[in-house]
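The values are calculated or read from the model by the stated rules, or taken from the named source; none is laboratory data. The structure presented is a predicted model; accordingly, all values stated were derived computationally and were not measured. All Cβ positions, even for glycine, are placed from backbone atoms using ideal geometry, and neighbour counts span all protein chains on display. Accessible surface areas use protein heavy atoms only, side chains included; no ligands, DNA or RNA. Shrake-Rupley method; radii C 1.70, N 1.55, O 1.52, S 1.80 Å.
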Amino acid sequence: VAYELQNGRTLKQTGKQFHGKITDDRGSFNIRTIKVASQYAFLAAKGFYRNEVSGKVSDQQITLNALTDLRSRNLVNINVLTHLEYDRVVQLVTKEDYTVRKAKKKAEEEIFKLFHMDSLKIDGVSEDFSIGGNGAGDAALLAISILMQRNLKEAVMQSQITSMSEAIAKGGKGNSDSLKAAMADWVSKQEITGKINRIRVNVE
């Protein structure tokens, strides 16, 4: 669902909404048919997805959010990164007087830093990225998606990314170090057991 926002300062919804479907397996939402007064929109996508770790369709649905500027854009990729940055962007715009563009840039830099990624090498914004792409942003999204998924059930992963988004909103920092440790331990185990290559095959 796409919700029209009044402007890029308050980010309040106008009450106008548009229903649509994700157009492909990469999470792309086609917005060409949407007619809105403001250039800004809040999007919420709910559904099943293909798990990059297991290679199978998820057992349960999840919901991911995105805040986007619709100017010169026909497609919006709704993904884990758009969800992680959402609360932080809203905080920066409505409480700290950032523009949407600058807020998204700052939020994304903070998230990449949490995952020890160099944001200077990544061009574009989160809704441009796709796990099927070949750019640095696409690779970063894929890595973050896999780290957030790990071997977790959908409901647990949903709770984790929502909790992390809320924590990031409070100051650009994620949850406790225990989450990073859990991610590092999981990756180490996948490497030792040779399962990293299986994930690569699943994605391909």
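Report, by residue number, each residue of the stretch 184-204 that is part of a helix (DSSP H, G or I) and open to solvent by 80 Å² or more (accessible area, probe 1.4 Å). First the steps, then the outcome.
From the stretch 184-204, those part of a helix (DSSP H, G or I) are 184-193, 196-203; that's our starting set.
Residues satisfying the conditions are Asp185, Lys189, Glu191, Ile192, Asn197, Arg198, Arg200, Val201.
Can you work out which of the residues in the stretch 128-157 that are in a loop (DSSP other than H, G, I, E, B), among the hydrophobic types (A, V, I, L, M, F, W, C) and open to solvent by 20 Å² or more (accessible area, probe 1.4 Å) is farthest from Val53 (Cα to Cα)? My answer is Ile131. The residues on offer are Leu81, Leu92, and the sole one that is in a helix (DSSP H, G or I) and in contact (Cβ under 8 Å) with a residue 40 or more places away in the chain is Leu81. Counting only residues that are surrounded by 13 or more Cβ atoms within 10 Å (Cβ to Cβ) and at pLDDT 85 or above, the stretch 167-183 holds 7 of them. Reported count of residues in the stretch 113-127, each being more than 19 Å from Ala181 (Cβ to Cβ) and part of a helix (DSSP H, G or I), is 5.
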